[in-house]
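The values are calculated or read from the model by the stated rules, or taken from the named source; none is laboratory data. Bear in mind that the values here come from a model prediction, so they are computed numbers and not experimental data. A quick note on method: Cβ atoms are made from the backbone with ideal geometry, for glycine too, and the neighbour counts reach across all protein chains shown. Please note that ligands, DNA and RNA were not included when accessible areas were found on the heavy atoms of the full protein model with its side chains. Shrake-Rupley method; radii C 1.70, N 1.55, O 1.52, S 1.80 Å.
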Amino acid sequence: MQALKGIKVIELGQLIAGPFAGKTLAEFGADVIKIEPPGAGDPLRKWRMLRDGTSVWWEVQSRNKRSVELDLRLPEGQDVIRALAREADVLIENFKPGTLEGWGLGWDALHALNPRLIMLRISGYGQTGPYRHKPGFGVLGEAMGGLRYLTGEPGRVPVRTGVSIGDTLSALHGVMGVLTALYHRDAHGGEGQVVDVALYESVFNVMESLVPEYDAFGAVRERSGSALPGIAPTNAYLCADGGYALIAGNGDSIFRRLMAAIGRDDLGNDPDLARNDGRVARVAEIDAAIGAWTRRHPLDSVLQALERASVPAGRIYSVADIVADPQYLARDMIVEARGADGRPLKVPGVVPKLSGTPGTIRHAAPRLGEHTREVIDAGGWPARKEA
């Protein structure tokens, strides 16, 4: 038994944020019917690198789902959504606000059909406010949420994080909202409700002390490269072989052990450096001492020495490092699945890890429209046929 077995989800979203939310719910047992436009389907099918014409990203993002081709601009397609919505628990969409209303599929219309329905709405700026009608992608949410301003080297152009983190954060906030709404509905006799997620707000929610520091001190946090401002020492340090060691010696007792490991007991025993605020005031001096030590040793030797001293440290992983790492493998975070073409493909495992009702990869991502006929023939929600 999986935790979300029996939960029926309609996924109307495309690309990243909505589909990532659907993926997460599906991994824990929800029956997710993904609606795709006829002909091309979800554009993600052609994003990044393709194998036999289909994105390998698609194989991860859409596993465990069913695919139905529908033109939502046509009355017949809208009727199918209404039939599905009568029995559904959740509907996910990430269109620009007002799009579903224009098709007669907005919240008021679907709530009237099924008061228990929960609608997850992910958009750039949310369903209200002066920006609600603006188109918004993850990169804009990352910028407006404050993340882009902080990412990169001091004095250089702000850079991306390398992945669509704004979309994924929004998806995870959406999943949290859906699960909370499901609990309220089922445990407290409540009705369904709208879960309104804005890309910029999902990013802003993880920006830590950004706002109170500005309010209390007028401080505008700036780009700081690999360091973490206000917390010391934590940085990336160059080693003798050209590798970088990530060292987090910012705990008080950890700092003393780190200084002992690098032969700088004078700093470790300095009462002015016993607490973080004192270390922050002299962070350049501390970083210079650590860097002088790491530059004399290769990365592996640095990490071994710090492990013996119980100091948190690590290397910067490429994907080649990830797929070969024993910790990833031991926790089933790199698993071999089958694509829709039947060929094996290494993919990320499922998180989080639940001890009693773990998530699973039950079947491959669907071919475009693979399940259209069974949905149309059923006139609504068809019985689940697991692969």
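Odds and ends about this structure:
- Those strands (runs of 3 or more DSSP E) lying entirely in the stretch 2-119 with at least 1 residues of a type in the set (A, V, I, L, M) and under 22 Å from the mean Cα position of the chain (by Cα): 8-11, 31-36, 90-93
- Filter pass, HIS297 being at pLDDT below 95, of a type outside the set (Gly, Ala, Ser) and either open to solvent by less than 40 Å² (accessible area, probe 1.4 Å) or more than 25 Å from SER55 (Cβ to Cβ) (or both): no
- Consider the stretch 175-199 and keep the residues that are in contact with a Gly (Cβ under 8 Å, 6 or more places away or on another chain) and part of a helix (DSSP H, G or I). The one that is surrounded by the most Cβ atoms within 10 Å (Cβ to Cβ) is LEU199.
- Residue tally, condition of a type outside the set (S, T, N, Q) and in contact with a Pro (Cβ under 6 Å, 6 or more places away or on another chain), over the stretch 107-136: 1
- Residue match in the stretch 343-354 (condition: more than 30 Å from THR54 (Cα to Cα) and open to solvent by 40 Å² or more (accessible area, probe 1.4 Å)): yes
Here's the yes/no breakdown for (1) part of a strand (DSSP E or B); (2) in contact with a helix residue (DSSP H, G or I) (Cβ under 7 Å, 6 or more places away or on another chain); (3) closer than 20 Å to SER253 by Cα; (4) open to solvent by 60 Å² or more (accessible area, probe 1.4 Å):
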position: ARG279; (1), (2), (3), (4): no, yes, yes, no
position: GLU285; (1), (2), (3), (4): no, no, yes, yes
position: VAL311; (1), (2), (3), (4): no, yes, yes, no
position: LEU329; (1), (2), (3), (4): no, no, no, yes
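- Those residues of the stretch 343-387 which are under 20 Å from LYS46 (Cα atoms) and among the hydrophobic types (A, V, I, L, M, F, W, C), in sequence order: LEU345, VAL347, ALA364, ALA365, LEU368
- Residue satisfying condition, being surrounded by fewer than 12 Cβ atoms within 10 Å (Cβ to Cβ), at pLDDT below 95 and over 19 Å from LEU25 (Cα atoms), within set ARG156, ARG160: ARG156
- Top-ranked residue of the stretch 200-256 - restricted to ones that are of a type in the set (Asp, Glu) and assigned to a helix (DSSP H, G or I), ranked as surrounded by the fewest Cβ atoms within 10 Å (Cβ to Cβ): ASP215
- Inspection of the stretch 195-213 identifies at least one residue that is more than 30 Å from ILE92 (Cβ to Cβ) and more than 24 Å from the chain's Cα centre (by Cα).
- The residue that is farthest from the chain's Cα centre (by Cα), among those in the stretch 135-160 that are within 18 Å of LEU15 (Cα to Cα) and free of Cβ contacts under 8 Å to residues at least 60 places away in the same chain, is PRO135.
- If you go through the stretch 313-327 and pick out every residue that is of a type in the set (Ser, Thr, Tyr) and surrounded by 14 or more Cβ atoms within 10 Å (Cβ to Cβ), you end up with 0.
- Complete set of residues in the stretch 120-135 that are under 13 Å from VAL194 (Cβ atoms), in a loop (DSSP other than H, G, I, E, B) and either open to solvent by 40 Å² or more (accessible area, probe 1.4 Å) or among the hydroxyl-bearing types (Ser, Thr, Tyr) (or both): THR128
- Failed item in (1) surrounded by 12 or more Cβ atoms within 10 Å (Cβ to Cβ); (2) charged (D, E, K, R); (3) within 25 Å of LEU44 (Cα to Cα), with GLU336 passing the rest: (1)
- Any hit, the stretch 57-70, residues being closer than 24 Å to ALA198 by Cα, touching a residue at least 40 places away in the same chain (Cβ under 8 Å), touching a strand residue (DSSP E or B) at 6+ places or on another chain (Cβ under 7 Å) and among the basic types (Lys, Arg): no
- In the stretch 21-80, of all residues being closer than 19 Å to ALA337 by Cα and among the aromatic types (Phe, Trp, Tyr), the one that is most open to solvent (accessible area, probe 1.4 Å) corresponds to TRP57.
- Among residues of the stretch 136-159, those that are touching a helix residue (DSSP H, G or I) at 6+ places or on another chain (Cβ under 9 Å), in a loop (DSSP other than H, G, I, E, B) and within 19 Å of ALA227 (Cβ to Cβ), counted: 4
- Test result for ALA274, without any contact (Cβ under 8 Å) to a residue 40 or more places away in the chain and hydrophobic (A, V, I, L, M, F, W, C): yes
- When we screen GLU374, GLU336, GLU307 for residues that are farther than 18 Å from ALA26 by Cβ and not in a strand (DSSP E or B), the only hit is GLU307.
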